[in-house]
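Down below is the structure, laid out as C-alpha cells.
The values are calculated or read from the model by the stated rules, or taken from the named source; none is laboratory data. Computed from a prediction, not measured in an experiment: that's the story for all the values here. FYI the Cβ positions are ideal-geometry reconstructions off the backbone, even for glycines, and counts take in every protein chain you see. To get the accessible areas, we keep the full protein, side chains included, count just its heavy atoms, and leave off ligands, DNA and RNA. Shrake-Rupley method; radii C 1.70, N 1.55, O 1.52, S 1.80 Å.
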Amino acid sequence: MVVRNVLPPTPTPEPAPPLNGLWGLVLCILVAQRIGSMAYPAYMLVVKEAMPDPAAVGALFGLATAANCLGEGTAPAIASSLFALSIDKNLLGGNLVWVILIALAGFATWFAHGLKSRVDRVLE
C-alpha cells in the first residue's frame with residue numbers, strides 16, 4: 001500500500017501501430033540480401049573467365065580479392081562522409097549522395113556489361 005501512495009498510477013499503454021506492409025518490406029529485404037550474396041561468386045566467375053592462362057588463376061584471384069577488400073574497406077567511410085557533406089552543405093537538398101551513388105551503380109553496371117566484349121578483344 002505504501003507504493004501506491006508514493007508512485008503515480010501508470011497510464012494505460014497505447015496499442016501497437018498496425019503492421020501495414022511490414023511483411024512485404026521484410027520479404028523485399030530478404031530477396032535483396034539473397035541477390036547481394038551472389039555478388040562474390042559472380043565476380044569470381046568473371047575473373048576466372050577473363051584469365052587466359054590457367055596457370056596464373058591463383059595470382060589473379062589474389063589480386064581481385066585484394067581489390068575487392070580495398071573497396072569493401074573504404075566504401076563505408078566514403079559513403080558516410082559523402083552523406084554527411086551532402087546534408088551539412090545542403091547540396092541538392094541533401095540528396096547529392098543519392099545522385100552520386102546511383103550514378104556510380106549505373107557506371108558499374110555499364111562496365112560489367114561491356115567487360116566480356118573487352119576481354120574477347122584483348123584475347124584475339
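Please work out which residue is nearest to the chain's Cα centre (by Cα), limiting yourself to region 86-100 and to residues that are loosely packed, with under 14 Cβ neighbours inside 10 Å and within 29 Å of Y43 (Cβ to Cβ).
W98
Would you be able to say whether some residue in region 24-46 is open to solvent by less than 70 Å² (accessible area, probe 1.4 Å) and either outside any helix (DSSP H, G or I) or touching a Pro at 6+ places or on another chain (Cβ under 8 Å) (or both)?
yes
Output the qualifying pairs, or none if there are none: Cβ atoms under 8 angstrom, residues six or more apart or on different chains, first residue in region 107-118 and closer than 13 Å to V46 by Cβ and touching a residue at least 24 places away in the same chain (Cβ under 8 Å), second residue polar (S, T, N, Q) and outside any helix (DSSP H, G or I).
none
Given the residues I78, I102, I87, which is the only one that is over 17 Å from A39 (Cα atoms) and touching a Gly at 6+ places or on another chain (Cβ under 8 Å)?
On inspection, the qualifying residue turns out to be I87.
Quick one: which residue in P52, P76, P11 is open to solvent by 70 Å² or more (accessible area, probe 1.4 Å), in a loop (DSSP other than H, G, I, E, B) and either closer than 30 Å to K116 by Cα or modelled with pLDDT of 85 or more (or both)?
On inspection, the qualifying residue turns out to be P52.
Listed residues A55, A50, A67, A59; which is in contact with a helix residue (DSSP H, G or I) (Cβ under 7 Å, 6 or more places away or on another chain) and closer than 30 Å to R121 by Cα?
A50
With the structure loaded, tell me whether A16 is of a type outside the set (K, R), at pLDDT below 85 and open to solvent by less than 60 Å² (accessible area, probe 1.4 Å) or whether it fails that test.
no
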